[in-house]
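The values are calculated or read from the model by the stated rules, or taken from the named source; none is laboratory data. Keep in mind that this is a model prediction, so the values were computed, not measured. Note that each Cβ is placed from the backbone with ideal geometry, even for glycine, and that neighbours are counted across all protein chains shown.
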Amino acid sequence: MTTVLVFGATGDQGLPLMRALSAQGFRVRAATRQPDAFPREAFPHVEVVGAAFEDVASLTKACAGADAIAMNLPFSFDRAYARMMGENICTAARAAGSVRKIVFNTSCVIAPADIGLAAHDGRRDIEAAMAASGLAWASIRSVVFMDNILRPWVKPAILSHGVFAYPARDDLKINFVCLDDVAAYMAAAVAEPRVTAHAFAIGGPEALTGHDAAARLSVALNRPIRFQSLKPEDFARGMAKLITGSDHVEPNSMWSRVAQFYAWYNDQPQSPLEVDLRPALALLPVQPTPMLVWAKRQDWSS
């Protein structure tokens, strides 16, 4: 049985990944800084090991005996730290001797060149580390998550005011993708032997504007939902207010960085969030989930 080492196992992207890998018959090993905090009750079959990105020895020990790595790495607004994560993991994978493939979920669109945002450009450095590793690799370049709609800076306005407020211009098309599908793409990339040096743009099956998404939410919730296009800076102020109690946006805060991402998306003449799924689906047997199907599965009661 193939053993897959998962980084970022306990986050909201890692949990569906472990489920997807287990469903395909892989033996799953989770690497985490805090093994005692791992949800063992939900995943009793998962082996848990301690590892830290800064410690190559701990990473090498975690990789020992693993056949593949599947990773959801934290966003870092320090590009040097992101580069370090990618290089240390690849160094450890080579040193372990058993790892044959690395699959990485970028959690964002990756442009053909640096765009001057450290969080994005650091993702490109991680891809470069994989490409230079000598191992088979795949980058799953996922666009905007449907699950973002469930976050406390989006969902309450839907429930209380019937407003889907999001920092996307009115005509910006987005192939929203659910986290379960991202996990399925990653598991398929691990399993598919033809995937050896690939970067896949992945998303859901529909390129939707915010108004299109609101129409689907209206059907799922059985009441009118309208879309409100927010300026990224206003979206950042709302996040800051929710988390800190003040709408003051510090220049280097997480919400400021998120606003910069969406400002870049909105400024492009062609939406970078609209993707052609055909190259991915030619190799990865995934059935992408439409937003309406996803929305009907969610709990909108509170």
Exercise. Kindly check whether there is at least one residue in segment 67-82 that is more than 18 Å from the chain's Cα centre (by Cα) and over 28 Å from Pro272 (Cβ atoms).
Key: yes
Quiz prompt | Conditions (1) in contact (Cβ under 8 Å) with a residue 60 or more places away in the chain; (2) closer than 30 Å to Phe7 by Cα: number failed by Gly238 | solution = (2)
Quiz item: With (1) more than 20 Å from the chain's Cα centre (by Cα); (2) modelled with pLDDT of 95 or more; (3) closer than 22 Å to Val182 by Cβ as the list, and Met146 as the residue in question, which single condition is left unmet?
Solution: (1)
Quiz item: Hey, among the residues in segment 230-254 that are among the hydroxyl-bearing types (Ser, Thr, Tyr) and over 19 Å from Phe77 (Cα atoms), which one's nearest to the chain's Cα centre (by Cα)?
Solution: Thr244
Self-check item: segment 236-256: number of residues that are touching a helix residue (DSSP H, G or I) at 6+ places or on another chain (Cβ under 8 Å) and assigned to a loop (DSSP other than H, G, I, E, B)
Solution: 6
Practice problem: Test each condition in (1) of a type outside the set (Lys, Arg); (2) assigned to a helix (DSSP H, G or I); (3) more than 20 Å from the chain's Cα centre (by Cα); (4) buried (at least 16 other Cβ atoms within 10 Å of the Cβ) for Ala165 and report the one that comes out false. | Solution: (2)
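Let's see how each residue does on (1) at pLDDT 95 or above; (2) crowded, with 18+ Cβ neighbours inside 10 Å; (3) within 28 Å of Val143 (Cα to Cα):
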| position | (1), (2), (3) |
| --- | --- |
| Arg40 | no, no, no |
| Ala64 | yes, no, no |
| Pro74 | no, no, yes |
| Glu87 | yes, yes, yes |
| Lys101 | yes, yes, yes |
Exercise. List every residue pair whose Cβ atoms lie under 6 Å apart, where the two residues are 6 or more positions apart in sequence or sit on different chains, the first residue falls within segment 277-302 and is on the phi < 0 side of the Ramachandran plot, and the second residue, located anywhere, is among the aromatic types (Phe, Trp, Tyr).
Key: Ala280/Phe200; Leu284/Tyr185; Val286/Tyr185; Met291/Phe176
Quiz item: Within segment 255-273, can one find any residue that is buried (at least 17 other Cβ atoms within 10 Å of the Cβ), more than 27 Å from Tyr185 (Cβ to Cβ), under 20 Å from the mean Cα position of the chain (by Cα) and free of Cβ contacts under 8 Å to residues at least 24 places away in the same chain?
Solution: yes
Quiz prompt | Options Glu87, Glu54, Glu47, Glu41: the member that is within 24 Å of Phe200 (Cβ to Cβ) and of a type in the set (D, E, K, R) | solution = Glu87
Self-check item: Count of segment 190-218 residues which are within 30 Å of Val163 (Cβ to Cβ) and basic (Lys, Arg)
Solution: 1
Quiz item: Scanning for something over 25 Å from Pro285 (Cα atoms), out of contact with any strand residue (DSSP E or B) (no Cβ under 6 Å at 6 or more places or on another chain), surrounded by fewer than 19 Cβ atoms within 10 Å (Cβ to Cβ) and among the small types (Gly, Ala, Ser), does segment 119-126 turn up at least one residue?
Solution: no
